[in-house]
1. Sort the following peptides by mean Cβ neighbour count (other Cβ atoms within 10 Å, averaged over residues), highest first: 238-245, 116-123, 165-172, 210-217.
2. Tabulate in residue order the Karplus-calculated ³J(HN,Hα) for the range 186-202, using 6.51 cos²θ - 1.76 cosθ + 1.60 with θ = phi - 60°, rounded to whole Hz; enter x for Gly and Pro.
3. Of the peptides 250-257, 280-287, 38-45, how do they stack up when ordered by the mean number of other Cβ atoms within 10 Å, highest first?
4. Can you pull the one-decimal nm distance between simple spin-label points at Arg126 and Tyr44, each 7 Å off the Cα toward Cβ?
5. In terms of the Cα gyration tensor, with a ≥ b ≥ c the square roots of its eigenvalues, is the range 123-258 rounded because a/c is under 1.5, prolate because a/b exceeds b/c, or oblate?
6. Estimate the FRET efficiency between Phe287 and Phe117 by the formula 1/(1 + (r/R0)^6), using the beta-carbon distance for r and 30 Å for R0, to the nearest 0.05.
7. Under 20 °C and 1.002 mPa s, how fast does the range 220-265 diffuse according to Stokes-Einstein, given a Kirkwood radius computed over C-alpha pairs? Answer in µm²/s, whole number.
8. How much accessible area per residue does the range 76-197 have, in Å², with a 1.4 Å probe?
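The values are calculated or read from the model by the stated rules, or taken from the named source; none is laboratory data. Not measured: the values here are computed from a predicted model. Cβ sites come from the backbone with ideal geometry, for glycine too, and all protein chains shown count toward neighbours. Remember, those area values only see protein heavy atoms, side chains included, never the ligands or the DNA or RNA. Shrake-Rupley method; radii C 1.70, N 1.55, O 1.52, S 1.80 Å.
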Amino acid sequence: MAPDSLKDSGKLMMLEAGFHLDKQHLITLLHIVDKMICSCSFLYALRRWKLISFNGGESLTLTDNYTTFVPLKTLIHTLPLALTYLLYMLTTMESVRGVNVPMYTTLRRTTVVFTMFVEYILSGQRYTRPIVGSVALIVLGAFIAGARDLSFDSYGYAVVFLSNVTTAIYLATIARIGKSSGLNSFGLMWCNGIICGPILLFWTFIRGDLKMTMNFSYFLSPGFLVVLLLSCILAFFLNYSIFLNTTLNSALTQTICGNLKDLFTIALGWILFGGLPFDILNVIGQFLGFLGSGLYAYYKLLGK
């Protein structure tokens, strides 16, 4: 979800404020500002003020390196996390190009299946039949909800499915690195930010996305900057919840939690924008998706 939740919440806030920015450049802007400026600045300030630590059980006293706050060896250990994040970012930015929203939403919900396969490959994680059944219900609901809008586009499908794979690998890597590095959620976010930030900035610069974003007519507007700041603060807490949930639970649990946010996105979209046509297939599909998510949570609580 910061990922998708970041895009949804940020876009809703900016559209409601009257700032219509192309979705590709919006994602570029949010990720650069959030990842490079806001998140790292928040974490740096909180660590310097001794309000948080970056390692589990670590003293709040600043005895580590003032520049990175973590040993260089630990920073290098998190390189796989940074690599998978960059792959996830690049495929996600490409997957929203020329793909209609219903198709994108439907195909993205199949990420849960890819996550199960990735967890099995990386850690040998096996799931019980009730869990597999709840996941199948979520995927079925996604295809029913988008049945009227799906139009086959081989390139679009391929890129979105590739985005699903990289998302699954990214979440699974968070879980693995979190356990092996000794870093807590704040520490993982910090290492990921200071490694990926400059690389992401350079990539968007050579692609031209950064220039087009900076040329946005409302970029220096006080109203736009306020909305952008609020969006980045929200993104910071969303990112933290992703790292915390993934490290404490599992990548699959985080993926399914990301699907649940669709309920709030749809409700918020209805309240803010209205005019949504009634579609019985969409309603049935959404219900099945929420039911599958609820069943997953129920079976996890029962330990099945």
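1. Taking the mean over residues of other Cβ atoms within 10 Å, the ranking is 165-172, 238-245, 116-123, 210-217.
2. 5, x, 5, 5, 5, 4, 5, x, 6, 7, 7, x, x, 5, 5, 4, 5
3. Ranking the peptides 250-257, 280-287, 38-45 by packing returns 250-257, 38-45, 280-287.
4. The modelled label-to-label distance comes out at 4.9 nm.
5. oblate
6. According to the calculation, E is roughly 0.70.
7. Once the numbers are plugged in, D ends up at 178 µm²/s.
8. 41 Å²
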